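Before any comments, here is the structure.
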Amino acid sequence: MFFTPIAYDEPLFRPPAEARSAIVQATLGCSWNQCAFCEMYTSKKFRVRSIEDVKSDISNIAKYYKGTKKIFLADGNAFVLSTKKLVPILDEINKKFGKIQRVSSYALPKDILSKSEQELKELKDLGLKLLYIGIETGDEELLKLIHKGETFNSTVDGITKAHKIGIDTSIMIINGLGGKVYSEQHALKSAEIINKVNPKFLSTLTLSLPYGLEHFQNRFEGYYQQQTIVELFKELRLFIKNLEVENVIYRSNHVSNNIPLQGTLSKDKDVLLMLLEKAINNTDPGIFPSQSDIL
Ligand code: SF4
């Protein structure tokens with residue numbers, strides 16, 4: 001059986017890029033927990049863990065994983081915690097792990113906006129250097145239909161504020177989020193918001209429906225019509241075609257994606273578009289070309 005030095009409160013999620021990081025649960029669940037497409041924490045009631053419990057986990061992890069260089073603070077949006085609550089956690093991490101490379105967590109734009117620039121700087125100086133933000137779309141209408149609780153402007157403002165202090169962001173967009181009806185506006189406005197904020201990392205996931213289509217349709221406030229795989233590729237192509245960014249590390253290699261893509265944008269834009277073009281024109285939808293085929 002797989003051994004972990006602490007008992008995690010399941011279910012537990014982390015971004016694919018944090019696969020080799022130690023995970024510390026600072027909060028349980030998601031403080032928002034209302035996004036129409038998200039079932040990650042619907043089985044958990046949001047709760048802030050006591051500092052004693054968090055410190056005990058940090059000590060135990062430090063004992064077993066001595067060389068740890070990266071820590072991910074879970075769950076859903078641990079960055080919702082006030083600076084007053086985050087500082088002792090980061091202090092303890094620094095005390096127990098010595099020189100850590102980076103601490104990261106999921107965040108909502110509103111979690112960033114609720115902190116002053118001085119507070120963000122204090123957190124960054126203590127090692128919190130990367131925030132994962134599922135903005136999902138840049139389209140104002142779609143943001144409302146999925147109950148994201150954010151707007152185009154709040155998203156831009158939150159991300160810009162973090163960048164100004166030197167905290168990097170990793171932004172997630174969901175391919176297929178609005179179905180056939182909202183596909184074009186979703187692709188174009190998502191590209192527009194990414195162009196405005198120019199994050200360090202960008203990833204696209206594909207909408208997954210773990211409880212089935214009807215369940216999602218009931219939670220989605222608009223008319224949701226599921227896209228075919230080719231329509232999803234076309235939406236992704238429109239999104240990437242409209243990106244004008246600098247040195248953004250792009251990944252589309254989540255288990256939900258129909259085709260793995262990666263590159264640096266906008267430098268590799270043509271290659272990614274060529275690959276999507278090939279996938280769109282593929283007559284056998286079970287076999288898509290791999291990036292190594294054309295690189
Ligand atoms: S904020 Fe994130 S974790 Fe919370 S419900 Fe929305 S997508 Fe899920």
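Protection proxy ranking of 209-219, 89-99, by the mean of other Cβ atoms within 10 Å over each peptide's residues and highest first, is 89-99, 209-219.
Protection proxy ranking of 157-166, 263-272, by the mean of other Cβ atoms within 10 Å over each peptide's residues and highest first, is 157-166, 263-272. Across segment 185-200, rounded Karplus estimates of 3J(HN,Hα) from the backbone phi angles (6.51 cos²θ - 1.76 cosθ + 1.60, θ = phi - 60°) give 5, 5, 5, 5, 6, 5, 5, 4, 5, 5, 4, 6, 9, 6, x, 6 Hz, Gly and Pro being marked x. Counting neighbouring Cβ atoms within 10 Å and putting the fewest first, the residues Ile280, Ile135, Ile167 line up as Ile280, Ile167, Ile135. For Phe46, the residues whose modelled amide H falls within less than 5 Å of its own, excluding neighbours fewer than 5 places apart on the same chain, are Cys30.
Rounded to the nearest 20 debye, the dipole size of segment 16-282 about its Cα centre is 1060 debye, using +1 on the Cβ of Lys and Arg and -1 on the Cβ of Asp and Glu. Across the chain, the relative contact order, built from alpha-carbon pairs under 8 Å that are at least six residues apart, equals 13 percent. Under a 5 Å amide H cut-off, with hydrogens placed 1.01 Å from N, Thr4 pairs with nothing among residues at least 5 apart or on other chains. Against the chain, whose longest principal axis is taken from its Cα atoms, helix 229-241 shows a tilt of about 70°. In terms of other Cβ atoms within 10 Å, Met40, Met274 run from fewest to most in the order Met274, Met40.
Where a ≥ b ≥ c are the square roots of the eigenvalues of the C-alpha gyration tensor, would you call the chain rounded, which needs a/c under 1.5, or, failing that, prolate if a/b is larger than b/c, or oblate? Here the chain falls in the prolate category.
A short reminder: the numbers here are calculations on the coordinates, not readings from a lab. A quick note: this is a predicted structure, and the numbers were derived from the prediction, not measured. Every residue, glycine among them, receives a Cβ derived from its backbone with ideal geometry; neighbour counts consider all protein chains shown.
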